[in-house]
Amino acid sequence: MSSFTISQALDMHLHLRDGDMLNLVGPLTSKTFSGALVMPNLVPPITTKDALLSYKQRIKEACKDDDFEPYVTLFFQNNYSYEFLEDIKDEIIAIKLYPAGITTNSETGVASMDVEVLRPTLESMSKLGIPLCIHGETNGFVMDREKEFMPIYESIASAFPDLKIIMEHITTKDAIELLDKYDNLYATVTLHHLLITLDDVAGGMLQPHLFCKPIAKRPEDRSALLNAALKAHPKLMFGSDSAPHPKHKKECCGCAAGVFTAPIALQVLTQLFNDNNCLENLNKFISLNAQKIYGIKPPKKDIKLIQKEFIVPSSYEYKNEQVVPMYAGETLTWSIEE
Ligand code: NCD
Ligand code: ZN
C-alpha cells in the first residue's frame, strides 16, 4: 500500500511539559493528533483545580492553530476528598498515580502502594467513575520492577472492580498476560517499547536518547507487546510516553529518563503496521480502542500517510535549547502528506 489514512489519532500518554518546551512540543503533537492524555508530572505536579485549569489553558494556547483536545490529568495524592474529586471530575480524564521517586518529577508520589492506604481516594474515584492511570514499577532490580508490580495491579483491580485501571507504558510479557485476567484492567504501550530492547539502549555504545522509565526489556517482552499492538488488542491503547528533555540533560552524566517520539510516532507506527501486514488494525490501536475505553469523542481529523522518505530532524530548537527525537537524522519510509 502506498498511502494510509489515520483518523482521530490519540496519544493516551504524553508529556507536554510547560513554558517554552510546551510551546515547541505541543504543536508537534497537535498538528497531527486529535487529542492526547497529558501527564501531570510538572514541577510542582498538578494537584489543584486552579493549576489544572491554567495548565489546560496554556496547552490550548500553545496548540491554538490546531483542532486538538488536551485530556488533562491530576497527580494522585492520598488526601483528595470526595468533594474535591466530585468538583474536578468533569475537568479531568483520569488521575495518574506515581510511586514516590519512581521516575521524572515523581518525588511527591505515594510512599505506599498498600491498598488500605490508597483506599479512601480509590473508593471516591471508583464511585465517581474517574479512571486511575498507574506508573507500575517497584523500586526493585531495574529489569524486574514492572514484573514485581503485577501483584499490586491485581490487588487494586480486585479490591475495586468498578475502577478502570490503566497500566501505563507496559514493557513486559507479564503485563500483557495480566490484561486479560481482570475486566477492569487496561494498558497503554509506547512506540519505542514495540521497537527496542535493552540491547538497543546499552548493548553497544550507550544510547541516552533511548533511555527511559520503564527501561526497555527482553526480546520476548517486545514480541508480546508487538503482537498485542498489531492485533489491536481491545484493552490496549497507544500512549507514546513521548518525554522530551533538553539535549544537555540527555547527553550528560546522570542522563534524564525519557524518549522523545512525538514527531515520528505516526510515520513509524504506519511503517511498523505496514511491514507486518496489519495496517487494517492501526486505527483501532491508535484511536478507536481509546475512544471506547475512555468514552471520548475527539475532534475529527484525517491524516494521510504516504510511502515517501522522511528524514528525521537531528533536533528541534527553542530559545537556546535543543530536543533530540528518537531516530534523529535517520530516514523513515513513511511521511505525513503536507
Ligand atoms: C517520563 C518523564 O520524563 O516525565 N520519563 C520517562 O522515562 N518515561 C516520566 C514517565 O512517564 O515515567
Ligand atoms: Zn510518562
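Of the peptides 112-125, 156-169, how do they stack up when ordered by the mean number of other Cβ atoms within 10 Å, highest first? Kindly include the intermediate steps, with their values, before the conclusion.
Details: 112-125: 16.6, 156-169: 19.7.
Answer by packing, highest mean first, reads 156-169, 112-125.
Work out the FRET efficiency for Lys64 and Lys231 from their Cβ-Cβ distance, taking R0 = 35 Å, and round it to the nearest 0.05. Mind showing how you got there, number by number?
On the way: r = 37 Å, r/R0 = 1.07.
For Lys64 and Lys231, the calculated efficiency is 0.40.
Compare the peptides 304-311, 207-214, 132-139 by average per-residue count of other Cβ atoms within 10 angstrom and give them in order, highest first.
132-139, 207-214, 304-311
Please work out how much length the chain gains when fully extended from Lys304 to Glu317, using 0.36 nm per residue of separation minus the C-alpha to C-alpha distance, in nm with one decimal.
On the way: separation 13, 0.36 × 13 = 4.68 nm, distance 2.60 nm.
Taking Lys304 through Glu317 to full extension adds about 2.1 nm, to one decimal.
With +1 on the Cβ of every Lys and Arg and -1 on the Cβ of every Asp and Glu, and nothing else charged, how large is the dipole of the chain about its Cα centre, in debye rounded to the nearest 20?
Working: 33 positive and 44 negative charges, 69 e Å.
Here the chain has a charge dipole of around 340 debye.
Using the Karplus equation 6.51 cos²θ - 1.76 cosθ + 1.60 (θ = phi - 60°), what ³J(HN,Hα) coupling, rounded to whole Hz, does each residue of segment 295-311 give in order, writing x for Gly and Pro?
Rounded to whole hertz, the list is x, 10, 10, x, x, 6, 7, 9, 10, 9, 9, 10, 7, 8, 4, 10, 8.
If you fit an axis through the alpha-carbon atoms of helix 49-62 and take the longest principal axis of the Cα set of the chain, what angle between them do you get, 0 to 90°, nearest 10?
It works out to around 10 degrees.
For the chain, what is the relative contact order in percent, using Cα pairs closer than 8 Å and at least 6 residues apart in sequence?
With pairs under 8 Å counted, the relative contact order is 20 percent.
Based on DSSP, what percent of beta bridges with both residues in the chain are antiparallel, to the nearest 5?
Restricted to the chain, the bridges split so that about 30 percent are antiparallel.
Tell me the label-point distance for the pair Glu280, Gln77, using the 7 Å Cα-to-Cβ offset, in nm and rounded to one decimal.
So the label points at Glu280 and Gln77 sit 5.0 nm apart.
Under 19 Å from the Cα of Lys217, which aspartates and glutamates turn up, not counting those fewer than eight places away in the same chain?
Counting by Cα, and skipping residues close in sequence, Lys217 has these aspartates and glutamates nearby: Glu137, Asp144, Glu146, Glu148, Glu168, Asp174, Glu177, Asp199, Asp200, Asp241.
What is the gain in length, in nm to one decimal, between Arg218 and Asp18 on full extension, counting 0.36 nm per residue of separation less the C-alpha to C-alpha distance?
68.6 nm
Determine, for Phe260, Phe4, the number of other Cβ atoms within 10 Å of each Cβ, and report the residues in order from fewest to most.
Sorted ascending by nearby Cβ count, the order is Phe4, Phe260.
Output the Kirkwood hydrodynamic radius of segment 30-179, Cα pairs only, in Å rounded to one decimal. Display every interim value, and only then the final one.
Numbers: mean 1/r = 0.0619 Å⁻¹.
That comes to 16.2 Å for segment 30-179.
Going by a ≥ b ≥ c, the root eigenvalues of the Cα gyration tensor, does the chain fall in the rounded group (a/c under 1.5), the prolate group (a/b larger than b/c) or the oblate group?
Numbers: a/c = 1.35, a/b = 1.28, b/c = 1.05.
The shape class here is rounded.
Pairs to check: Lys231/Lys308; Lys213/Lys308; Lys89/Lys292. Give those whose C-alpha atoms are more than 23 Å from each other in this structure.
As for pairs spanning more than 23 Å Cα to Cα, those are Lys231/Lys308; Lys213/Lys308.
How do Ser155, Ser242, Ser314 rank when sorted from fewest to most other Cβ atoms within 10 Å of their own Cβ?
The most exposed by this proxy come first: Ser314, Ser155, Ser242.
For a quick protection proxy, order the peptides 31-38, 69-76 by their average other-Cβ count within 10 Å, most packed first.
For the peptides 31-38, 69-76, the packing ranking is 31-38, 69-76.
So what is the relative contact order of segment 94-229, in percent, for Cα pairs below 8 Å that sit 6 or more residues apart?
On the way: 214 pairs, mean separation 27.8, N = 136.
Computed value for segment 94-229: 20 percent relative contact order.
Using only Cα atoms and rounding to the nearest 10 degrees, what angle (0 to 90) does helix 19-30 make with the longest principal axis of the chain?
Result, in degrees: 70.
Kindly express, to the nearest 10 degrees and within the range 0 to 90, the angle between helix 219-230's C-alpha long axis and the longest C-alpha principal axis of the chain.
Long axis of 219-230 versus the principal axis of the chain: about 90 degrees.
Please state the charge dipole magnitude for segment 38-113, taken about the Cα centre, from unit charges on C-beta atoms (+1 on K and R, -1 on D and E), reported in debye and rounded to the nearest 20.
240 debye
Near the amide H of Lys217, under 5 Å away, which other amide H atoms are found, from residues 5 or more places off or on another chain, if H is placed in the peptide plane?
HN-HN under 5 Å from Lys217: Leu198.
In the chain, if the dipole is taken from +1 on Lys/Arg beta carbons and -1 on Asp/Glu beta carbons about the Cα centre, which of Asn41, Cys133, Tyr327 is farthest to the positive end?
Final value for the positive-end residue is Tyr327.
Taking the Cα centre of segment 67-203 as origin, work out the dipole magnitude from +1 charges on Lys and Arg Cβ and -1 charges on Asp and Glu Cβ, in debye rounded to 20.
160 debye
On a full-extension model of 0.36 nm per residue, what is the gain between Asp90 and Leu128, subtracting their alpha-carbon distance, rounded to one decimal in nm?
Full-extension gain reported as 12.7 nm.
Readers should treat all values here as calculations from the given coordinates under stated rules, not as data from a laboratory. These numbers come from a predicted model, not from an experiment. Positions of Cβ are generated from backbone atoms using ideal geometry, with glycine treated the same way; all protein chains shown enter the neighbour counts.
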